[in-house]
Amino acid sequence: EKDGHAWFMLKEIAEQPQAVADTLRGRIGETGEIMLDEVRLTDQDLRDVDKVFIVSCGTSYHAGLVAKYAIEHWTRIPCEVELASEFRYRDPVLDRSTLVVVISQSGETMDTLMALRHAKEQKARVLAICNTNGSTIPRESDAVLYTHGGPEIAVASTKAFLTQLAACFLVGLHLAQVRGVKYADEVAAVVAQLQEMPAKIEKVLAGMDPVRELGRELADNKASTVLFIGRHVGYPVALEGALKLKELAYMHAEGFAAGELKHGPIALIAGPAGDRQQSGGPADDESGNPVGHGTPVICIVPSPAGRGLLHDKIVSNIQEVRARGAHTIVIAEEGDDAVIPYADVLVRVPRTPTLLAPFVTTVPLQVLAAAIADARGHDVDQPRNLAKSVTVE
Ligand code: F6R
């Protein structure tokens, strides 16, 4: 039943091209129009929307964070993303013209369900993005877009995340098309590019041997923390990479917006033992890293073609952490040569438009976390203390 994979998680990682294709199937017309009639929101409903909230937990929250960049850019409607467990306690401003998008793989997450009930009480329209037919969250929502990712057995969410991204993009593009936007050409281009994602994910999967190897190496690392940095949509990808590492490898990990490094987190970077002595630090390596390895920092680099300025800024961030002794693991597009001098380990992903990059940059982080967990002898499918669906608040 695991199709020859050692773990369900690995099977589900491998299924991602198909899962994303299944989410898109039948929802893009011949002329590129997004067809979401099944969702039961009329064009007029969508034209009336003046604010979007995306509410979810964990990995599904990270999908929402990515979606915000796309939805605001394409539709110019303000979009906020909020953790479901915080949402209703904050007394958010909601009314009939607010669209609340709740994202849940299981459709049973209690925090998300309570947030959705709160939104409905305030008369907001609720659209669920969900993977589980007939579960509670879609049943109680006004509208639903199923992700069709197929059952996800491993506790750690992988294919659900990528299919949630696909579904969020469909919603954003549909909103943009219905309302008419100044970026009409870009929207049309993205519709085409979205359909190329399954093939790109396939390409990433084919090149994962070095990442598995890196995972086996990092499994012995006694580093007190592993940092993930990204910018723009790479920031939620960094958060997701850190979450996967925490839940599977039981390592402390944290994701940061790369621009925030200098505002505090850079103090966490410790170099290898020898360097620390030179810089006046104690001779023994407090970070616990093997000699020659500083704090691992995983860097998600945006496309140099898209937002060039951001690309250059993250390259300087990588340079900065490396100068302080970090062991840099860089995820960058093919052809991006600017990162080469600063990458201790370089993982290549196919060229992808900026907003869609999370489809390809997330995959190596999933593979890495699973490889470390496996090498450490953990149960990859059932990490300690966790349940697949969290039905308590
Ligand atoms: C992480 C993970 C969790 C879930 C979260 C929300 O790998 O699986 O963080 O993403 O519990 O679950 P759903 O999407 O079912 O509401």
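Of the residues making up the range 56-81, those that are among the β-branched types (Val, Ile, Thr) and either without any contact (Cβ under 8 Å) to a residue 12 or more places away in the chain or within 16 Å of the ligand (Cβ to nearest atom) (or both) are Thr59, Val66, Val81. Hey, any hits in the range 304-314 for a residue that's exposed (fewer than 14 other Cβ atoms within 10 Å of the Cβ), of a type outside the set (Asp, Glu), part of a helix (DSSP H, G or I) and within 23 Å of the chain's Cα centre (by Cα)? Yes: one or more hits. In summary, Phe53 fulfils each of the numbered conditions (1) within 14 Å of the ligand (Cβ to nearest atom); (2) within 19 Å of the chain's Cα centre (by Cα) with the single exception of condition (1).
Those helices (runs of 4 or more DSSP H) of the range 101-195 in which 2 or more residues are crowded, with 24+ Cβ neighbours inside 10 Å, within 9 Å of the ligand (Cβ to nearest atom) and small (Gly, Ala, Ser) are absent.
Residue check: is Ile298 touching a Phe, Trp or Tyr at 6+ places or on another chain (Cβ under 9 Å), touching a residue at least 60 places away in the same chain (Cβ under 8 Å) and outside any loop (DSSP other than H, G, I, E, B)? When the stated conditions are applied, Ile298 passes them. Residues in the range 1-36 that are more than 13 Å from Ile153 (Cα to Cα), among the charged types (D, E, K, R) and in a helix (DSSP H, G or I): Asp22 only. Of all residues in the range 82-100, those satisfying the criterion of being more than 14 Å from the ligand (Cβ to nearest atom) and either in a loop (DSSP other than H, G, I, E, B) or closer than 21 Å to Ala160 by Cβ (or both) are Asp91, Pro92, Val93, Leu94, Asp95, Arg96, Ser97, Val100. Determine whether Val204 is closer than 30 Å to Asp45 by Cα and not in a loop (DSSP other than H, G, I, E, B). For Val204, the condition - closer than 30 Å to Asp45 by Cα and not in a loop (DSSP other than H, G, I, E, B) - is not met. Hey, any hits in the range 207-228 for a residue that's touching a Ser or Thr at 6+ places or on another chain (Cβ under 8 Å), in contact (Cβ under 8 Å) with a residue 24 or more places away in the chain and not in a loop (DSSP other than H, G, I, E, B)? Yes: the range 207-228 contains one or more residues that are touching a Ser or Thr at 6+ places or on another chain (Cβ under 8 Å), in contact (Cβ under 8 Å) with a residue 24 or more places away in the chain and not in a loop (DSSP other than H, G, I, E, B). Considering each residue of the range 358-393, count those that are small (Gly, Ala, Ser) and either surrounded by fewer than 24 Cβ atoms within 10 Å (Cβ to Cβ) or away from the ligand (no atom under 14 Å from the Cβ) (or both), and give that number. Selection size over the range 358-393: 5. Against the conditions (1) loosely packed, with under 14 Cβ neighbours inside 10 Å; (2) at pLDDT below 70; (3) in a helix (DSSP H, G or I), Pro341 satisfies every one except (2).
The values are calculated or read from the model by the stated rules, or taken from the named source; none is laboratory data. Since this is a predicted model, take the numbers as computed values, not measurements. No Cβ is skipped: glycine too gets one built from the backbone with ideal geometry, and neighbour counts run over all protein chains shown.
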